[in-house]
1. With θ set to phi - 60°, apply the Karplus curve 6.51 cos²θ - 1.76 cosθ + 1.60 along segment A:92-99 and write out the HN-Hα couplings as whole Hz, x wherever there is a Gly or Pro.
2. Which one of B:G27, B:F94, B:G118 is farthest out on the positive end of the charge dipole of segment B:10-146, using unit charges on Cβ (Lys, Arg +1; Asp, Glu -1) and the Cα centre as origin?
3. Measuring from a point 7 Å out along Cα→Cβ, what nm distances, shortest first, does B:P36 have to its partners in the other copies?
4. Add +1 for every Lys or Arg and -1 for every Asp or Glu among the other residues with Cβ under 11 Å from the Cβ of B:D130, and state the total.
5. Relative to the other copies, what are the label-point distances for A:D130, with labels 7 Å from Cα along the C-beta vector, expressed in nm at one decimal and sorted shortest first?
6. Amide H to amide H under 5 Å from A:D80: which residues, 5+ apart in sequence or cross-chain, H placed 1.01 Å off N in plane?
7. Report, by chain and number, residues whose modeled amide H sits under 5 Å from the one on A:E72, excluding near sequence neighbours (fewer than 5 apart, same chain).
8. Mind listing the long-range amide H neighbours of A:Q64? Cut-off is under 5 Å, sequence gap 5 or more, other chains count too, H placed in the peptide plane at 1.01 Å from N.
Protein chains: 2
Amino acid sequence: MPKLDLSRLPWRTGSGYPGKLAAAGDGRSVQPLGDPGGLTQYGVNIVRLEPGAMSSLRHYHMEQDEFVMVTEGTCTLIDDQGAHEMLPGDCASFPAGDENGHHLVNRSDKPAAFLVVGTRTPAETAFYSDLDMMVKIAEGQFNFTRKDGSPLTADQTGENT
Amino acid sequence: MPKLDLSRLPWRTGSGYPGKLAAAGDGRSVQPLGDPGGLTQYGVNIVRLEPGAMSSLRHYHMEQDEFVMVTEGTCTLIDDQGAHEMLPGDCASFPAGDENGHHLVNRSDKPAAFLVVGTRTPAETAFYSDLDMMVKIAEGQFNFTRKDGSPLTADQTGENT
């Protein structure tokens, strides 16, 4: 039925980032809502951030519109213009191709959460603002490289540290 | 900037339904969030319902995924299975082509509101569950007819009553 029982929908944790960059996913959990509801044209997730956690490494998408609404606690949006506090009901939008890299971090001492919507596209490229890294996504596979397409080094992914 | 200042974004009222059916929009106001944020791949709106108001006539979409999250008050989701109370944080999804017609009504004595997301598609057809009416939407134009494509009568649109 259309109404979702969020108390029964599973959460997932962890991160697909390479090497020690995967630690960027620590304290973050994701509850998919769109897939269990049968949606295919965009994804909808609740993302929950423990104190100190972040939504992702700061990035921007080339193909997919992204929208967030804070639903619990206080999130801080970090983008090229600085830090912007966001409370429940506050919203932000990130059009595809806008090179203003962004992520949400929980700088508070309580859990925080937000709803996020992202278009489903056959392929996607995202660039990371604070690293020489990009990801190309196709058919569910994530290929992380430097921005020129060459392989990431162990130094970059923290595996030498 | 990506963070939206909802206090400055305009609201719109009224309904595009034909004839006296337009009264279905009474007590409903809509604040677009996706367009002012530069999103083009899906629409995002806040819909506010005064007591007694409804989101729309009960309908389903053939081309566009729809997702809602209640953000304020109590909404009642009406679909083919009956009435389902929805509180802030409760979500529902309506995949394109699922013929379970739905709308949200405010049966409480306080204002209610919800966030709604809908895919942008070049064209759309929606069917109304409780009326012999459909709408075809293309290039911003809404063409309401009977489900067989013939013109609505004045009886159907309430103009003879």
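1. 8, 10, 9, x, 3, x, 6, 7
2. Ranked along the dipole, the leading option is B:G27.
3. 3.3
4. Counting the neighbours of B:D130, the net charge comes to -1.
5. With the label placed 7 Å along Cα→Cβ, A:D130 yields 5.2 nm.
6. A:G101
7. Answer set, sorted by chain and number: A:A113.
8. Counting only residues 5 or more places away or on other chains, the set is A:G97.
Every read-out reported here was derived from the displayed coordinates using simple, explicitly stated rules and does not represent laboratory data. Computed from a predicted model, the values in this text were never measured in an experiment. No Cβ is skipped: glycine too gets one built from the backbone with ideal geometry, and neighbour counts run over all protein chains shown.
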